[in-house]
Amino acid sequence: SAGRIMDLVDDETIMESSEGRLGFALRGGNLEAGALDIKFPDVGFIDVDFDVIDFALDGKQQLKGRVVSQLNDIALIGQLALPGMDDTSGQFDSDIRLGGSLADPQFDGGFRLSNGLFYYAPVGLRLEDVNFTGKLEKRDRGTLEGQFRLGQGIGTINGSVLFENAEQAKLDLDFSGEQLLMINTSNFKMLTDTDINIALSPGRLDINGQVKVPSAHLTPSNLIINTVNDSEDLVIVKSHEQESKTTAETSAKTEVFGNLEISFGEDVNVKFPGVDTDVTGSVTYDWSGDPIPLANGNYYLKGMVDVYGPRLEIANGSIAFPGVRADNPLLNIRAQREIFGNTQIRSAGVQLIGTLKRPVVEAYTVPV
């Protein structure tokens, strides 16, 4: 019967459906045929039909069928597959033939997304004019290719997928583009020139390539972070079942491998109350299984900072990664100002040295 597909959180109707058909046939307890036919007014339809044309005792019944769909709006698919997205749209078409057997089905055909839109509000990520095509072939593999627009930049996606079974799917994607507006909020705007490869398989993620940031402006108005701490007398007791579950989750974590270079150009600026500095330089991140990579390279700072009242100049600050973990670089940042009218001291300032996890802040004068 006709009905509605609802969003229970917002209590809104996502899509309405006309009368449809869901049917199947059994013979001797075995599935013989099936059909699913649903129409969505002003949106499109999904039509699935298949027959099992031969029965065998070993379970290798021959399968023959077709999956055809045409949706003028993928809002429903977007909400189901990408629940965090704030907006999705576009036209989706598919024509896939079914073959093989029930135990080992084969897929052959293609699909296409046209005039797609994906919007993620927290970072202002807005992929527009998304167009890609995909093909399924040889039972367990497929390819896809297409392009999209991010701001004024055009990007491309090319990839392949291998799905011997649902638990062993492997995805390989090449993602590239110039002047891509990756982040666009009131406090942060960032353009990138990107050329990376991402490979995802069970228990493993590979990331390789480079990301150049020719222009970025970070202007947070407030960096105060409120924290909530547990009471000192709080005691947490885990059951054996909880400990076993935690151990299993830890052992099943995804290992990360690869080599990624992230560099900043001449128009990268960080500005918030008391600080106004430009950031340049390049760092290469190497993963060898641990989610936190080792890093090699330097980022350089140059700008102004207000410390204890006076306005000081950062002339040659650096954040260095000499083959160390990316979460604990070496800091060497000196902010100073010239002293006039004093025959003993030419300049004075503050320096930040040490590591990110154990920084040391000291005042100094020249000469000492």
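Roll a 1.4 angstrom probe over the protein heavy atoms and tell me the percent of accessible area of segment 61-127 that is carbon or sulfur.
Values: 1860 of 3460 Å².
On segment 61-127, the fraction of accessible area on carbon and sulfur atoms equals 54 percent.
Starting from the exponent 0.38 and prefactor 2.2 Å, build the expected Rg for segment 98-180 from its residue count and divide its actual Cα Rg by it.
Numbers: Rg = 15.6 Å, N = 83, 2.2 N^0.38 = 11.8 Å.
Scaled against compact globular proteins, the figure is 1.32.
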Binned at 10 Å from zero, the C-alpha pair distances of the chain give percents of 4, 14, 21, 22, 17, 11, 6, 3, 1, 0, 0
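Before I look further, what does the chain give for accessible area per residue, probe 1.4 Å, in whole square angstrom? Kindly include the intermediate steps, with their values, before the conclusion.
Working: 23030 Å² over 368 residues.
Accessible area per residue: 63 Å².
Quick check on the chain: helices-only [θ] at 222 nm, where DSSP H runs of length 4 and up contribute -39,500 (n - 2.57) each and the sum goes over total residues. Nearest 500, please.
Working: 2 runs with 19 residues, N = 368.
Value at 222 nm, helices only: -1500 deg cm²/dmol.
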In nm, to one decimal, how far is the Glu16 label point from the Ser282 one, both placed 7 Å along Cα→Cβ?
-> 5.8 nm
Assigned charges on the beta-carbon of Lys, Arg, Asp, Glu; the chain dipole about Cα centre (debye) | 1080 debye
Calculate the spin-label point distance for Asn269 paired with Leu356, positioning each point 7 Å from the Cα along the beta-carbon direction, and give it in nanometres.
-> 2.4 nm
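In terms of the ratio Rg/(2.2 N^0.38 Å) built on C-alpha atoms, what value belongs to segment 1-150?
Working it through for segment 1-150, the quotient is 1.23.
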Spin-label point model (7 Å from Cα, Cβ direction): what's the Ile77 to Ala315 distance in nm?
-> 6.0 nm
Carbon and sulfur %, accessible surface of segment 253-368 computed with the full protein complex present, 1.4 Å = 56 percent
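The values are calculated or read from the model by the stated rules, or taken from the named source; none is laboratory data. Just so you know, these numbers come straight off a predicted model, no measurement behind them. Glycine also receives a Cβ, built like all others from the backbone with ideal geometry; neighbour counts cover every protein chain displayed. Just the protein is used for accessible areas: all its heavy atoms, side chains included, with ligands, DNA and RNA removed. Shrake-Rupley method; radii C 1.70, N 1.55, O 1.52, S 1.80 Å.
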